[in-house]
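Report on the following structure.
The values are calculated or read from the model by the stated rules, or taken from the named source; none is laboratory data. The model shown is predicted, which means the values in this text are computed figures rather than measured ones. Please note: Cβ atoms are built from the backbone with ideal geometry, for glycine as well, and neighbour counts cover all protein chains shown. These accessible areas exclude ligands, DNA and RNA; they are computed on the full protein's heavy atoms, side chains included. Shrake-Rupley method; radii C 1.70, N 1.55, O 1.52, S 1.80 Å.
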Amino acid sequence: MKISGSHQGPSLSRRGVLKGGALLAGGLAAAPVLGACGGGSSGGGGSKRVVVADWGGALVEAEKKYIFEPFSKETGIEVVVAGPPTGAKIKAMVDTGNIEWDLIAGGPGTVLPIGRNYFEPLPDSLLNIPGIDPSYVDKNWLTYYLFSVVMAWNTSVLGAGKKLTGWADFWDTQKFPGRRSLRGADNGVPPDMEFAVLADGVDTKSVYPLDIDRAFRSFGRIKGQVPQWWVSGAQPGQMLVSKQVAATSIFSGRIGELKKKGAPLDFTWNGGMFELASWSVVKGAPNKENAFKLIEYSVRPQVQATVWSKYPNGPANSKALELMDKEFAKTLPSHPANLEVQFLQNSEWWGQNRDTVLKRFQAFAKS
């Protein structure tokens, strides 16, 4: 059964991307990044603040230091960090007219399930920024970084000289013995359905619309080797290092950091799935003009080069790669050589089918 949904649409096409990677979980209480910046009202026109709903953790700390604080220094606009930006909270704000947030860190995976009517259209000035591929841009979001989910393995468990080259290898527990882990479906995050069909012989260009029955048959073949379906970004790395599993899907930034620390791990970009992390402005945001200014600032090449040199996500602005150390740039999900062997998650398809798939996967995982 192929559940209804579009093929990779023109606004999110892999081909378009190649012309030119969960967000960290955990919330932050609302707090100003630079309390001394501008004291204007919290309302419209003359406001000197912007409230950003973000996901917390080390990612937000990097954004504070290398995006929000320099922006405040340049503009006098105070950046207040809140969150996490859940769809339910955004919907409730707009439905009641009690808008607490201006800008949210999310992307198509946040916008599409609750609907475009809950977000402001972006001004034309943000829709055609040099260095940002059209595939990263939509009237309701602008991507500011990419992140990837890739396959990784513990080299000491898998065996000397052994490497996984694709998801068929990952599924082959006879040739490559050891337990496995894949992303589960808690917290509304889609499970790794795409990898299941790739392991079953589907080409990366033909992943969508996902054949759900085929994916679950594929999951069924490996389920006995999966002690735990991971649901937080830290889990797969912990399971690899502790040798609880020989191989797992994992965020590329996580595996890169573990390798730097000397863990006996390796990974491949081949067959990886990259996703768009984007800014969107909440419908009726009281400080929407300031939000637009912060979006523009965050995708400037030099700003992108600085922040994503400190936290290893892929800059959305390709011009940033030219300003980074060349060898380091090769380790990022948005480097052209790495994009070439990955595919883009189709958030339009997931926006239409998420609830149906999550319910079925949760029943499958418990059975």
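Could you please find all residues in the stretch 233-267 being open to solvent by 30 Å² or more (accessible area, probe 1.4 Å) and either in a loop (DSSP other than H, G, I, E, B) or within 17 Å of ASP192 (Cβ to Cβ) (or both)?
The answer is ALA234, GLN235, SER242, LYS243, GLN244, ARG254, LYS261, GLY262, PRO264, PHE267.
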All-but-one check, TYR297 against (1) over 22 Å from TRP350 (Cα atoms); (2) buried (at least 19 other Cβ atoms within 10 Å of the Cβ); (3) among the aromatic types (Phe, Trp, Tyr), failing number (2)
If you take the residues of the stretch 60-88 that are among the charged types (D, E, K, R), in contact with a strand residue (DSSP E or B) (Cβ under 8 Å, 6 or more places away or on another chain) and surrounded by fewer than 24 Cβ atoms within 10 Å (Cβ to Cβ), which of them is nearest to LYS48 (Cα to Cα)?
GLU69
Among the residues of the stretch 79-100, which ones are at pLDDT 95 or above and under 16 Å from VAL60 (Cα atoms)?
VAL79, VAL80, VAL81, ALA82
Report whether or not VAL52 is modelled with pLDDT of 95 or more, among the hydrophobic types (A, V, I, L, M, F, W, C) and within 11 Å of ASN290 (Cβ to Cβ).
yes
Among the residues of the stretch 335-355, which ones are within 16 Å of the chain's Cα centre (by Cα) and outside any helix (DSSP H, G or I)?
HIS335, GLN342, PHE343, LEU344, GLN345, ASN346
Anything in the stretch 94-111 that is part of a helix (DSSP H, G or I) and open to solvent by less than 40 Å² (accessible area, probe 1.4 Å)? List them, or say none.
VAL94, PRO108, GLY109, THR110, VAL111
Filter the stretch 348-365 down to residues that are out of contact with any Ser or Thr (no Cβ under 6 Å at 6 or more places or on another chain) and open to solvent by 10 Å² or more (accessible area, probe 1.4 Å), then give me how many there are.
12
Closer than 16 Å to GLY87 by Cα and of a type outside the set (Phe, Trp, Tyr), is that true of GLU194?
no
Does the stretch 325-335 contain any residue that is among the aliphatic types (A, V, I, L, M) and open to solvent by 10 Å² or more (accessible area, probe 1.4 Å)?
no
Hey, could you check the stretch 204-232 for residues that are among the hydroxyl-bearing types (Ser, Thr, Tyr) and farther than 20 Å from GLU348 by Cβ and say which is most open to solvent (accessible area, probe 1.4 Å)?
SER232
Select the helices (runs of 4 or more DSSP H) contained entirely in the stretch 130-203, then report the ones holding at least 1 residues which are open to solvent by less than 10 Å² (accessible area, probe 1.4 Å), among the hydrophobic types (A, V, I, L, M, F, W, C) and at pLDDT below 95.
155-158
Across the stretch 112-129, what is the total count of residues that are of a type in the set (Ser, Thr, Tyr) and surrounded by fewer than 17 Cβ atoms within 10 Å (Cβ to Cβ)?
1
